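Visitor: So that we are looking at the same thing, I have put the structure below in structure tokens.
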């Protein structure tokens with residue numbers, strides 16, 4: 001099992017990696033499939049199923065599918081160009097597709113929401129169809145958005161995993177294997193992850209990619225800390241990060257800040273990211289958009305508030321966090337639609353705790369312990385976004401996830417790495433809990449806080 005750091009951390013757009021980025025990627029894949037066919041395509045259709053239908057409008061899934069069919073991709077998304085394209089498509093009922101020409105697509109007619117039972121493969125399913133000049137379907141493909149921007153077809157979902165792309169020196173599939181390889185090799189978790197990455201790319205490419213990830217992450221924090229206003233979607237949620245940041249800086253200037261207020265700094269960094277995400281801004285999946293604030297907030301806290309922190313170590317933080325995230329995805333899930341928010345903010349907190357413990361000098365055993373502590377205390381957390389929007393409780397939840405990550409790393413570093421509950425067992429407990437969790441609490445906005453809102 002190998003999941004690259006650049007698969008775990010992907011530059012994209014808000015508000016959701018499963019509901020926005022994934023459907024956009026699926027639409028782009030469908031276009032690639034059609035370009036290789038001998039028949040003439042005249043029109044396109046799309047149907048959203050399961051969680052994509054229930055919370056699709058709140059997560060801009062409909063927009064994402066339309067834009068994906070128009071050739072947009074998350075990694076180089078241009079908001080102004082997208083708005084112009086959407087307006088033209090809705091006005092003309094057509095999409096200009098590179099390599100396929102002008103195709104019929106009226107969003108009011110050709111984009112459907114199916115609120116019945118989810119498709120059998122996954123809670124996040126969509127079916128894309130191509131039609132001929134008479135309107136008959138000539139090609140169709142089912143896609144599943146399985147969390148973190150990852151997309152598979154129906155055939156790929158049931159297929160055995162592909163052969164490794166390279167011979168990786170440290171092919172760990174569990175935390176136990178990871179720790180045994182660390183003991184045998186004398187390398188840290190981050191160093192082993194780096195060695196695996198270098199089996200695929202040059203050191204300069206790896207380092208440049210890691211620097212870009214952090215640049216996008218910290219840039220997102222800065223934008224969120226500076227941008228006022230009300231978030232879209234109808235809840236009327238006001239951005240709070242700029243006002244909290246201003247209050248914290250004023251208190252610091254007066255030297256009247258009690259020690260516990262550092263938690264507010266951690267929270268405001270995370271909230272800044274998730275307010276940007278909720279507004280459809282550029283973020284990095286970490287491991288998802290809904291949990292995108294936890295890892296950046298923890299890194300920013302470490303750099304800005306911990307003596308001795310060095311930016312050159314950010315790459316090691318990200319590599320270590322990605323190693324833990326890969327274990328969680330491989331052995332359980334990072335999808336709120338599969339396992340609730342324990343799989344999103346819980347996974348992100350475990351990743352951030354591991355990364356922080358690593359850059360603070362923790363041993364592999366302490367790093368694994370930090371990840372386990374953070375994940376353990378998110379077990380059972382539901383995904384219950386009000387109105388299907390990644391705003392309430394998601395924005396604050398990222399702040400608390402980052403605080404838990406810092407606390408977990410600190411607690412793990414107070415010990416020698418030995419602890420009762422292994423990370424592997426905690427990941428399995430998360431998987432089992434997610435399997436038993438009611439669908440109402442898995443990103444459908446049908447339970448929990450999503451149905452307990454003020455009548456005003």
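The values are calculated or read from the model by the stated rules, or taken from the named source; none is laboratory data. If you're wondering where the values come from, they're calculated on a predicted model, not measured in any experiment. With ideal geometry, Cβ positions are generated from the backbone for all residues, glycine too; neighbour counts draw on all protein chains shown.
Visitor: Identify the single condition in (1) modelled with pLDDT under 95; (2) crowded, with 19+ Cβ neighbours inside 10 Å; (3) out of contact with any helix residue (DSSP H, G or I) (no Cβ under 9 Å at 6 or more places or on another chain) that residue 110 does not satisfy, given that it satisfies every other one.
Guide: Result: residue 110 fails condition (1) only.
Visitor: What number of residues within the range 24-60 are without any contact (Cβ under 8 Å) to a residue 60 or more places away in the chain and within 22 Å of residue 232 (Cβ to Cβ)?
Guide: Applying the first criterion (without any contact (Cβ under 8 Å) to a residue 60 or more places away in the chain) to the range 24-60 yields 24, 28, 32, 36, 38.
Remaining after also requiring within 22 Å of residue 232 (Cβ to Cβ): 24.
Summing the residues that are without any contact (Cβ under 8 Å) to a residue 60 or more places away in the chain and within 22 Å of residue 232 (Cβ to Cβ) in the range 24-60 gives 1.
Visitor: Out of 318, 303, which single residue is more than 21 Å from residue 12 (Cβ to Cβ) and either touching a helix residue (DSSP H, G or I) at 6+ places or on another chain (Cβ under 6 Å) or not in a loop (DSSP other than H, G, I, E, B) (or both)? Quick ask: steps written out before the conclusion?
Guide: Working: 318 fails: more than 21 Å from residue 12 (Cβ to Cβ).
Answer to the check: 303.
Visitor: Could you list all residues from the range 128-150 that are in contact with a strand residue (DSSP E or B) (Cβ under 9 Å, 6 or more places away or on another chain) and farther than 30 Å from residue 330 by Cα?
Guide: Residues satisfying the conditions are 129, 130, 131, 132, 133, 135, 137, 138, 139.
Visitor: Would you be able to say whether some residue in the range 410-419 is crowded, with 24+ Cβ neighbours inside 10 Å and under 21 Å from residue 326 (Cβ atoms)?
Guide: Applying the first criterion (crowded, with 24+ Cβ neighbours inside 10 Å) to the range 410-419 yields 412.
From the residues that got through so far, the ones that are under 21 Å from residue 326 (Cβ atoms) too are 412.
Yes, because at least one residue in the range 410-419 is crowded, with 24+ Cβ neighbours inside 10 Å and under 21 Å from residue 326 (Cβ atoms).
Visitor: Are any residues in the range 29-51 buried (at least 19 other Cβ atoms within 10 Å of the Cβ) and either modelled with pLDDT under 95 or not assigned by TED's automatic domain parsing to the domain that holds residue 128 (or both), and if so, which ones? Full working, then the answer.
Guide: At the first step, the residues of the range 29-51 found to be buried (at least 19 other Cβ atoms within 10 Å of the Cβ) are 30-31, 34, 41, 43-51.
Scanning the range 29-51 gives 50, 51.
Visitor: Which condition does residue 23 not pass, out of (1) crowded, with 24+ Cβ neighbours inside 10 Å; (2) over 20 Å from residue 337 (Cα atoms); (3) modelled with pLDDT of 95 or more; (4) under 20 Å from the mean Cα position of the chain (by Cα), if it passes all the others?
Guide: It fails just one condition, (2).
Visitor: Can you tell me which residue among 179, 126 is closer than 24 Å to residue 29 by Cβ and surrounded by 14 or more Cβ atoms within 10 Å (Cβ to Cβ)? Before you say what the answer is, go through the steps one by one.
Guide: Working: 179 fails: closer than 24 Å to residue 29 by Cβ.
126 is the lone residue from the list that is closer than 24 Å to residue 29 by Cβ and surrounded by 14 or more Cβ atoms within 10 Å (Cβ to Cβ).
Visitor: Filtering the range 281-313 down to residues that are buried (at least 22 other Cβ atoms within 10 Å of the Cβ) and more than 17 Å from residue 400 (Cα to Cα), which residue is farthest from the chain's Cα centre (by Cα)? Explain how you work it out, then say what you get.
Guide: From the range 281-313, those buried (at least 22 other Cβ atoms within 10 Å of the Cβ) are 283-302; that's our starting set.
Narrowing the set further to residues that are more than 17 Å from residue 400 (Cα to Cα) leaves 283-285.
Numbers: 283: 9, 284: 7, 285: 4 Å.
Among residues in the range 281-313 that are buried (at least 22 other Cβ atoms within 10 Å of the Cβ) and more than 17 Å from residue 400 (Cα to Cα), the one farthest from the chain's Cα centre (by Cα) is 283.
Visitor: Please pick out the residue among 379, 375, 423 that is touching a helix residue (DSSP H, G or I) at 6+ places or on another chain (Cβ under 6 Å) and more than 30 Å from residue 452 (Cα to Cα). I'd like the intermediate steps shown before the answer.
Guide: Details: 379 fails: more than 30 Å from residue 452 (Cα to Cα); 375 fails: more than 30 Å from residue 452 (Cα to Cα).
On inspection, the qualifying residue turns out to be 423.
Visitor: In the range 119-178, which strands (runs of 3 or more DSSP E) lie fully inside it and hold 2 or more residues that are under 26 Å from the mean Cα position of the chain (by Cα) and farther than 30 Å from residue 194 by Cβ? Can you show your working first?
Guide: Numbers: elements: 124-131, 137-147, 150-153.
Hits in the range 119-178: 124-131, 137-147.
Visitor: What pairs come out if I take residues in the range 427-456 that are assigned to a helix (DSSP H, G or I) and pair them with residues that are surrounded by fewer than 20 Cβ atoms within 10 Å (Cβ to Cβ) and modelled with pLDDT under 95 whose C-beta lies under 7 Å away, six or more apart or interchain?
Guide: These pairs meet every condition: 440/446.
Visitor: Spot the failing condition for residue 161; the list is (1) more than 28 Å from residue 112 (Cα to Cα); (2) modelled with pLDDT of 95 or more, and only one is missed.
Guide: For residue 161, the failing item is (2).
Visitor: Moving to a separate point now. Across the range 223-250, what is the number of residues that are part of a helix (DSSP H, G or I) and either surrounded by 14 or more Cβ atoms within 10 Å (Cβ to Cβ) or not assigned by TED's automatic domain parsing to the domain that holds residue 299 (or both)? Walk me through how you get there before you give the answer.
Guide: We begin by selecting, within the range 223-250, every residue part of a helix (DSSP H, G or I); these are 223-226, 241-250.
Checking the rest, the ones that are also either surrounded by 14 or more Cβ atoms within 10 Å (Cβ to Cβ) or not assigned by TED's automatic domain parsing to the domain that holds residue 299 (or both) come to 223-225, 241-242, 244-245, 248.
Selection size over the range 223-250: 8.
Visitor: Shifting gears a bit: Output yes when any residue across the range 392-406 is closer than 28 Å to residue 57 by Cα and assigned to a loop (DSSP other than H, G, I, E, B), and no when none is.
Guide: Yes, the conditions are met somewhere in the range 392-406.
Visitor: Next question. Taking the criterion of being assigned by TED's automatic domain parsing to the domain that holds residue 323, closer than 30 Å to residue 62 by Cβ and either surrounded by 13 or more Cβ atoms within 10 Å (Cβ to Cβ) or free of Cβ contacts under 8 Å to residues at least 60 places away in the same chain (or both), would at least one residue in the range 258-270 satisfy it? Give the derivation first.
Guide: The initial filter retains those residues of the range 258-270 that are assigned by TED's automatic domain parsing to the domain that holds residue 323, namely 258-270.
Subset that is closer than 30 Å to residue 62 by Cβ: 270.
Now restrict to residues that are either surrounded by 13 or more Cβ atoms within 10 Å (Cβ to Cβ) or free of Cβ contacts under 8 Å to residues at least 60 places away in the same chain (or both): 270.
Yes, because at least one residue in the range 258-270 is assigned by TED's automatic domain parsing to the domain that holds residue 323, closer than 30 Å to residue 62 by Cβ and either surrounded by 13 or more Cβ atoms within 10 Å (Cβ to Cβ) or free of Cβ contacts under 8 Å to residues at least 60 places away in the same chain (or both).
Visitor: Looking for whichever is in the same structural domain as residue 220 (by TED's automatic domain parsing), farther than 21 Å from residue 175 by Cα, in contact with a helix residue (DSSP H, G or I) (Cβ under 7 Å, 6 or more places away or on another chain) and not in a helix (DSSP H, G or I) here; the options are 337, 309. Which one fits?
Guide: 309
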